[in-house]
Every structure is written in structure tokens, then in C-alpha cells.
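Take a look at the structure set out below.
The values are calculated or read from the model by the stated rules, or taken from the named source; none is laboratory data. These figures come from a predicted structure and were not determined experimentally. Cβ sites come from the backbone with ideal geometry, for glycine too, and all protein chains shown count toward neighbours.
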Amino acid sequence: MKVASKRIKVLIVDDHPTVSFGTRFILESVEDMEVVGVADRGKEAVEMFKQYQPDIILLDLKLPDMEGIEVARQIKESGPEAHIVIFTGMNYLPILQKLIAVGISGVLTKDATPEQVIRMMEAVRGGETIIPLSLFHQIDFQKTKSKTSNKDQPLSEKESYILSMVGRGLTNKQIAKELFMTTRSIEYYLTNIYQKLNVKSRAEAIEKFGKIGTAHMDP
């Protein structure tokens, strides 16, 4: 007997009603996809993400109250495992490196066909992404690697707090319980912390963080 696959929960973030309606229609025509909400403001998108915990966020880069890249950063801070697909009519190439550094899972232009939109959702759910050939040919992967490295970036307040809990000897499970998060989210945070501090273990992270103190914390 065929086992039904888990439905993909999608949050659409776009301030153009026509785009939101059309995108929702495309996604909900697929049996295993569900649009859990539509937001037309960045702040609303962050709150709806926390409320509905969607698998994928389709995010426009231009919103009335804040830039899409800042929305993406806040969502990834709240849920590092979230998949964000930029869905825009803008020329995103000048900020592509920053988008990758934030941790987006893909980019779609608003002239994408319904088939392309659906394929991207399915690819991201499977842990992959789709890169248009026109974009692929413009990417300098060595340059991307150097620019998107987390090394020497400051720890956020939340990352610093999690690391302090590690220093107190708490396990990932205990930290997750205290912060009302999943163990997987804590693992994502620790991976990001290790990359920023350029270390490979909890002990190294604690030792290095103890030496640098607040020098690696956001103001």
C-alpha cells in the first residue's frame, strides 16, 4: 500500500494580492501542498512563521515595512531549519551572496511557470534546490564560498546564550526544553556557532568564546 507523503506547508509573503492569489492557486492545485497563510508585511511574516511553522516560505524581496533579506534573517534566527525561497521580480544578483549567507534554499523569479514553482517546492522538500542555467553560469563558486563563510561573524545574542548553556554542561535536549525549541533547532544553532568561531567541538567553542567574550556578540 502506498504511504501518503507529508503535506508541504507553505507561507506566502508578498504585498501584491494578484501574485499571492495566483501563487496560492498554483500550490493548492497540488495534492500534498498546503498554503498555511499569506502575509503582506515582513513583521507579519515573522509572526506567522512562528505561529504556523511552515516547511517553506515563499518570500518577496520588497515589502512595505522591511527588506526581504531582513525578514529571511529573522525567520532563520527563529527557525534555522526553515526553507526560504526568494520569489521576486527584482534583480537579485547584486545581493545573491548575502542571501546565500543568510541561508536561503532557492530563488524563483515571478515569471516562473507553475511547473517551475511546484518543482522548486518539491526539490527543497527533498533537500535540493534548482538553479536556472542563466544564474548558474554567472556564479563564481570560489568567490561565493569566501564571501559566505561565517568565520569571524559575531554571535547573535541567542547564539551566545545557547553557548553559555553548553558551557554550563547542558545537553542539546536540555537546552531545547528550556528554550521551548526542538533538539534539531539547537543542533542547527550549534553548527552555525562552530562555523562562526572556526571550531569543531563544544569544548573548543566554549574555550574560544571564553577568550573573545563580548567581542563576538552583536551590539
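Quick notes on this one:
- Residues in region 1-28 that are in contact with a helix residue (DSSP H, G or I) (Cβ under 8 Å, 6 or more places away or on another chain) and of a type in the set (Gly, Ala, Ser): there are none.
- Checklist (1) modelled with pLDDT under 85; (2) of a type outside the set (Val, Ile, Thr); (3) in a helix (DSSP H, G or I); (4) over 17 Å from the mean Cα position of the chain (by Cα) applied to ALA176, failing item: (1)
- Against the test of being more than 19 Å from the chain's Cα centre (by Cα) and on the phi < 0 side of the Ramachandran plot, the options GLY42, GLY68, GLY89 yield a single qualifying residue, GLY89.
- In region 1-53, residue nearest to ILE69 (Cα to Cα) [restricted to those that are exposed (fewer than 13 other Cβ atoms within 10 Å of the Cβ) and among the basic types (Lys, Arg)]: LYS50
- Within region 116-130, residues that are in the same structural domain as HIS83 (by TED's automatic domain parsing) have Cβ atoms under 6 Å from residues that are in a loop (DSSP other than H, G, I, E, B) and exposed (fewer than 15 other Cβ atoms within 10 Å of the Cβ) in these pairs: ALA123/THR129, counting only partners at least 6 apart in sequence or on another chain.
- Among residues of region 69-92 that are without any contact (Cβ under 8 Å) to a residue 40 or more places away in the chain, those with a Cβ under 7 angstrom from a residue that is aromatic (Phe, Trp, Tyr), sequence gap 6+ or separate chain, pair up as ILE75/PHE49; SER78/PHE49; ALA82/PHE49; ILE86/TYR92.
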